[in-house]
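Here the structure comes first, spelled out in structure tokens, and everything after it is commentary.
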């Protein structure tokens, strides 16, 4: 993004080497970030090993980076993903187009935020609940709703040991999230879930690719395969798609999808 120097009370930068086209010069970036001369030039050219977090954040905020641009900056400068989102609303909201996109998915689908609050869902997912009422928070429903212990087959052995580590991981990353803290307090006060929470070992298990037993109120007993992803504009939000199959239609274990290498023997075959 081109930044007008005048917006910061600066004159246009000099032309020549180091000039940012139609925007700030490298020297002006240093001035605005209160850095020594040449700091931004070293960062931009890749000659700044292990730049500090506050420098990267200053650059991102100066140039009004999106979350995806913030991630690219970290990967370029530090070769890791950023340890925290750039914007305070990230993880709490998603673009409005997601509701229309989810409505077009035939399988059960929903999006929740970093606290597992439901932001959007389709009608197929609502049918999973006996009263066709979507729960406001999926983490709270899975661990604390009495009906979940009947819908989620083998709740104590097939669901709880996989869900609790996700909550623990989120609490470690978001220690001040009031929604998550309230869920944790309610879990510890629950005579059934509390001991399970204490006994479950610390490990992170994402749900993508999982297959778990489920009793669908309308379709009967079966299995859901979980496809999970993260909207690029909202880190820690999650798109969850649940593919329900009965015992009769449950597929066998399938290999991961991959594109054959151009050098593999299969790629040399000519199909007629």
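The values are calculated or read from the model by the stated rules, or taken from the named source; none is laboratory data. The structure displayed is predicted, hence computed values, not measured ones. Note that each Cβ is placed from the backbone with ideal geometry, even for glycine, and that neighbours are counted across all protein chains shown.
Looking across region 85-108, the residues that are more than 12 Å from residue 119 (Cβ to Cβ), surrounded by 14 or more Cβ atoms within 10 Å (Cβ to Cβ) and not assigned by TED's automatic domain parsing to the domain that holds residue 229 come down to 85, 86, 87, 90. When residue 156 is evaluated against the numbered criteria (1) surrounded by fewer than 18 Cβ atoms within 10 Å (Cβ to Cβ); (2) modelled with pLDDT of 95 or more; (3) not in a helix (DSSP H, G or I), which criterion, by number, is the only one it fails? Status for residue 156: all satisfied but (3).
For region 159-172, a residue qualifies if it is touching a strand residue (DSSP E or B) at 6+ places or on another chain (Cβ under 9 Å) and at pLDDT below 95, and exactly one does: 162.
Among the residues of region 170-192, is there at least one that is under 30 Å from residue 253 (Cβ atoms), part of a helix (DSSP H, G or I) and without any contact (Cβ under 8 Å) to a residue 12 or more places away in the chain?
The initial filter retains those residues of region 170-192 that are under 30 Å from residue 253 (Cβ atoms), namely 170.
Those left that are additionally part of a helix (DSSP H, G or I): 170.
Now restrict to residues that are without any contact (Cβ under 8 Å) to a residue 12 or more places away in the chain: none.
Within region 170-192, not a single residue is under 30 Å from residue 253 (Cβ atoms), part of a helix (DSSP H, G or I) and without any contact (Cβ under 8 Å) to a residue 12 or more places away in the chain.
Anything in region 210-247 that is part of a loop (DSSP other than H, G, I, E, B) and either touching a strand residue (DSSP E or B) at 6+ places or on another chain (Cβ under 7 Å) or on the phi < 0 side of the Ramachandran plot (or both)? List them, or say none.
To start, the set of residues in region 210-247 that are part of a loop (DSSP other than H, G, I, E, B) comprises 210, 217-219, 230-237, 247.
Within region 210-247, 210, 217, 218, 219, 230, 231, 232, 233, 234, 235, 237, 247 meet the criteria.
Within region 58-72, the set of residues being buried (at least 17 other Cβ atoms within 10 Å of the Cβ), closer than 26 Å to residue 177 by Cα and more than 14 Å from the chain's Cα centre (by Cα) comprises 58, 60, 65, 70. Among the residues of region 248-267, are any at pLDDT 80 or above, surrounded by 10 or more Cβ atoms within 10 Å (Cβ to Cβ) and outside any loop (DSSP other than H, G, I, E, B)? No, region 248-267 contains no residue that is at pLDDT 80 or above, surrounded by 10 or more Cβ atoms within 10 Å (Cβ to Cβ) and outside any loop (DSSP other than H, G, I, E, B).
Selection of first residues in region 23-35 that are farther than 18 Å from residue 64 by Cβ and not assigned by TED's automatic domain parsing to the domain that holds residue 61 and of second residues that are in a loop (DSSP other than H, G, I, E, B) and modelled with pLDDT under 90, restricted to Cβ pairs under 7 Å at least 6 apart or on distinct chains, gives an empty result. In region 109-127, the residue that is farthest from residue 238 (Cα to Cα) out of those that are out of contact with any strand residue (DSSP E or B) (no Cβ under 6 Å at 6 or more places or on another chain) and crowded, with 19+ Cβ neighbours inside 10 Å is 115.
Do we find a residue being part of a helix (DSSP H, G or I) and at pLDDT 95 or above anywhere in region 127-137? Scanning region 127-137 turns up no residue that is part of a helix (DSSP H, G or I) and at pLDDT 95 or above.
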